[in-house]
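The values are calculated or read from the model by the stated rules, or taken from the named source; none is laboratory data. Values in this document were obtained by computation on a predicted structure and should not be read as measured data. Here the Cβ positions follow ideal geometry from the backbone for every residue, glycine too, while neighbour counts run over all protein chains shown.
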Amino acid sequence: MKKIRILIVSVLLLSLTPSAHAAGSVVSCSAIKTGQGQVKSKTLLSCLDSKSKVTLEGIRGPVVINVFGSWCAPCQQEIPIFVSLYATKKVPIVGIDVEETNIQAGRNFVIKKGITWPILYDATGVTKSSFGPGVPVTWFLDARGYVVYRHVGLVTSQKQLNSEVSKYLGIKL
C-alpha cells in the first residue's frame, strides 16, 4: 500500500512540473515577443495550439519568421535546417502555417517534423497581403519589428541560413 501511495504522489508531482515542450504536442505562442504601442494594421492570427492569438504586425525581433505549408515539398525539405537553427537557442523562430486543408494537418506536420517553436495558423490566407503568395518564404525582423531581409524560396543549407542570420540580425552562430 505504501509503494502505491508513493507512486501516485510521484506521478502527480511529475504532472505538475512545467515543461517547455511535451513530445507529440504543439508549442504555445506565449513566447513570441511582441511590441507595445501603436500597431497600424491588425492581422490577428491564432496559434496552432488554439490557445492564444498574436497580432502579426506586433511581432518584434530579432526573429526569423518562416512561412510554410505542410503540403509544400520545399518547405518539408528546409524544416530540418530550421530545427538545427532553433536548437542553438540563439535566435527565436516563429512559423506561420498557411493554406492548410485544416488546422489538424498543420498540427500533425509540426509534431511529425519535431518543430518546437511557436507556429501561427493562417486559416484564411490573410497573410498573403503581408508575405505574398507562395511558400516557403523566410523573413528576418529586427528588434523594432522591421523587416531587414526576405528570403524567397527554399533555404538550401545550414551554412546559408546561419550566414543570413548573422548578416541581417547580427547574431553570430
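Odds and ends about this structure:
- Given (1) basic (Lys, Arg); (2) closer than 17 Å to ILE32 by Cα; (3) modelled with pLDDT of 95 or more, index of the condition LYS159 fails: (2)
- Among the residues of region 104-129, those that are touching a strand residue (DSSP E or B) at 6+ places or on another chain (Cβ under 9 Å) and closer than 21 Å to LYS42 by Cβ comprise PRO118, ILE119, LEU120, TYR121, ASP122, ALA123, GLY125, VAL126, THR127, LYS128.
- Members of region 46-101 that are at positive phi and surrounded by fewer than 18 Cβ atoms within 10 Å (Cβ to Cβ): SER50, LYS89
- Selection within region 72-123 - touching a residue at least 60 places away in the same chain (Cβ under 8 Å), of a type in the set (S, T, N, Q) and out of contact with any helix residue (DSSP H, G or I) (no Cβ under 6 Å at 6 or more places or on another chain): GLN77, THR88, THR116
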